[in-house]
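Step one of this worksheet: look at the structure below.
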Amino acid sequence: MATLYRCGTPTDWLCPCGRVARELRRAGVEAQEVRVSRRRTHRDEVQVLSGQERVPVLVIDGEAICDSRRIVEHLAWRTEEAADRTVLRSR
């Protein structure tokens, strides 16, 4: 299971955190969402995980990935890898 550290915005359409949440659902990745403080100085857990105070941060397979673009690229790569494995098994 993955963990998404995201802002407190109540919708998935207004911010980069929401974009990541939508992509996680699209990729079929189960993720726990942790809403962090609006104040960057109160995001100690995010700081420890990623070395920064910005969100979104996705922790998946023990790896912390920062920046919504990088996270979306990683999810696309995972989906592609899974599809390739499925094709190889069916042969």
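Out of the residues in segment 17-39 that are in a loop (DSSP other than H, G, I, E, B) and in contact with a strand residue (DSSP E or B) (Cβ under 9 Å, 6 or more places away or on another chain), state the one that is surrounded by the most Cβ atoms within 10 Å (Cβ to Cβ).
Val36
Taking interchain pairs and intrachain pairs at least six residues apart, which have beta carbon atoms under 9 angstrom, with the first residue in segment 1-19 and more than 13 Å from Pro56 (Cα to Cα) and the second outside any loop (DSSP other than H, G, I, E, B) and among the polar types (S, T, N, Q)?
As it stands, the answer is Met1/Gln32, since those pairs meet every condition given.
Counting only residues that are touching a residue at least 24 places away in the same chain (Cβ under 8 Å) and of a type in the set (Gly, Ala, Ser), how many does segment 49-69 have?
Of the residues in segment 49-69, 1 are touching a residue at least 24 places away in the same chain (Cβ under 8 Å) and of a type in the set (Gly, Ala, Ser).
Considering only segment 48-58, I want to know if a residue exists there that is within 23 Å of Ala83 (Cβ to Cβ) and surrounded by 12 or more Cβ atoms within 10 Å (Cβ to Cβ).
yes
Going through segment 29-48 one residue at a time, which ones are over 16 Å from Gly8 (Cβ atoms) and in contact (Cβ under 8 Å) with a residue 24 or more places away in the chain?
Once the filter is applied, which keeps residues that are over 16 Å from Gly8 (Cβ atoms) and in contact (Cβ under 8 Å) with a residue 24 or more places away in the chain, segment 29-48 yields Val29, Glu30, Ala31.
Could you list, in sequence order, all residues of segment 17-37 that are of a type in the set (Lys, Arg) and farther than 17 Å from Asp67 by Cα?
Hits for segment 17-37 are Arg25, Arg26.
Inspect segment 38-49 for any residue being within 17 Å of Arg78 (Cα to Cα) and modelled with pLDDT of 95 or more and give the result as yes or no.
Checked segment 38-49: no residue is within 17 Å of Arg78 (Cα to Cα) and modelled with pLDDT of 95 or more.
So which residues in segment 49-89 are within 15 Å of Cys15 (Cβ to Cβ), outside any helix (DSSP H, G or I) and among the charged types (D, E, K, R), if there are any at all?
Arg54, Asp67
The values are calculated or read from the model by the stated rules, or taken from the named source; none is laboratory data. These numbers come from a predicted model, not from an experiment. Counting neighbours? That spans all protein chains shown, and the Cβs are built from the backbone with ideal geometry, glycine included.
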